[in-house]
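The values are calculated or read from the model by the stated rules, or taken from the named source; none is laboratory data. Quick caveat, the model's predicted, so the values are computed rather than measured. In this analysis, Cβ positions are derived from the backbone assuming ideal geometry, glycine residues included, and neighbour counts consider all displayed protein chains. For accessibility, only protein heavy atoms count, side chains too; no ligands or nucleic acids. Shrake-Rupley method; radii C 1.70, N 1.55, O 1.52, S 1.80 Å.
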Amino acid sequence: MAYDPSNVFARILRGEIPAHKVHEDEHTLAFMDVMPQSEGHTLVIPKAAAENIFELEPDALAATILATQRVARAARRAFDAPGVMIAQLNGAGAGQTVFHIHFHVIPRYDGIDLRFHARGMADPQVLAAHAARIRAALA
């Protein structure tokens, strides 16, 4: 499948759709997942147009994984999480639903199950507060 520039993440990158941003640099953007599986669930995407890990240029992939590590550290600190799950899916067969490569940063807690993804939108005020906590931890 060819990269579709009308996907939701491409539209966020162009500013056509709002997002609760936590980090942005020359190569990447990180923002809150609107259907979080855990408090602090953040997405990290490259600004390069690529559907999956196989299409992303090595330099862009390196920048994206470094941003993912930085955001994961901040989310862990901001939410006092004993663990952080990093997930990245490639292709519909793997469960990818937005075809712009992205990494999920999901704080995890002992004995607390993840919420189902794509079942409901989070309160925008809660997402804004969570984004502020992560931005503060990044500072």
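Filter the stretch 89-102 down to residues that are free of Cβ contacts under 8 Å to residues at least 60 places away in the same chain and over 17 Å from H23 (Cβ atoms), then give me how many there are. Summing the residues that are free of Cβ contacts under 8 Å to residues at least 60 places away in the same chain and over 17 Å from H23 (Cβ atoms) in the stretch 89-102 gives 9. Selection of the stretch 15-37 for residues being open to solvent by 60 Å² or more (accessible area, probe 1.4 Å) and either touching a Ser or Thr at 6+ places or on another chain (Cβ under 9 Å) or within 18 Å of A60 (Cα to Cα) (or both) yields E24, E26, H27.
For (1) at pLDDT below 95; (2) at positive phi; (3) touching a helix residue (DSSP H, G or I) at 6+ places or on another chain (Cβ under 7 Å), each residue gets a yes or a no:
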{"position": "E39", "(1), (2), (3)": "yes, no, yes"}
{"position": "Q69", "(1), (2), (3)": "no, no, no"}
{"position": "P82", "(1), (2), (3)": "no, no, no"}
{"position": "Y109", "(1), (2), (3)": "yes, no, no"}
{"position": "D113", "(1), (2), (3)": "yes, no, no"}
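Report yes if L66 is under 28 Å from A2 (Cα atoms), open to solvent by 80 Å² or more (accessible area, probe 1.4 Å) and within 14 Å of the chain's Cα centre (by Cα), otherwise no. Yes; evaluated as a whole, the condition is true for this residue.
None of A48, A19, A74 is closer than 13 Å to H130 by Cα, among the aliphatic types (A, V, I, L, M) and without any contact (Cβ under 8 Å) to a residue 40 or more places away in the chain except A19.
Each row is one residue, and each column tells you yes or no for (1) within 21 Å of H23 (Cα to Cα); (2) surrounded by fewer than 16 Cβ atoms within 10 Å (Cβ to Cβ).
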| site | (1), (2) |
| --- | --- |
| P46 | yes, no |
| H104 | yes, no |
| G120 | no, yes |
| V126 | yes, yes |
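Between R77, R73, the distinction of being in contact with a helix residue (DSSP H, G or I) (Cβ under 6 Å, 6 or more places away or on another chain), modelled with pLDDT of 95 or more and among the charged types (D, E, K, R) belongs to R77 only. Residues that are more than 27 Å from A48 (Cβ to Cβ) and touching a Pro at 6+ places or on another chain (Cβ under 9 Å) do occur in the stretch 83-93, at least one of them.
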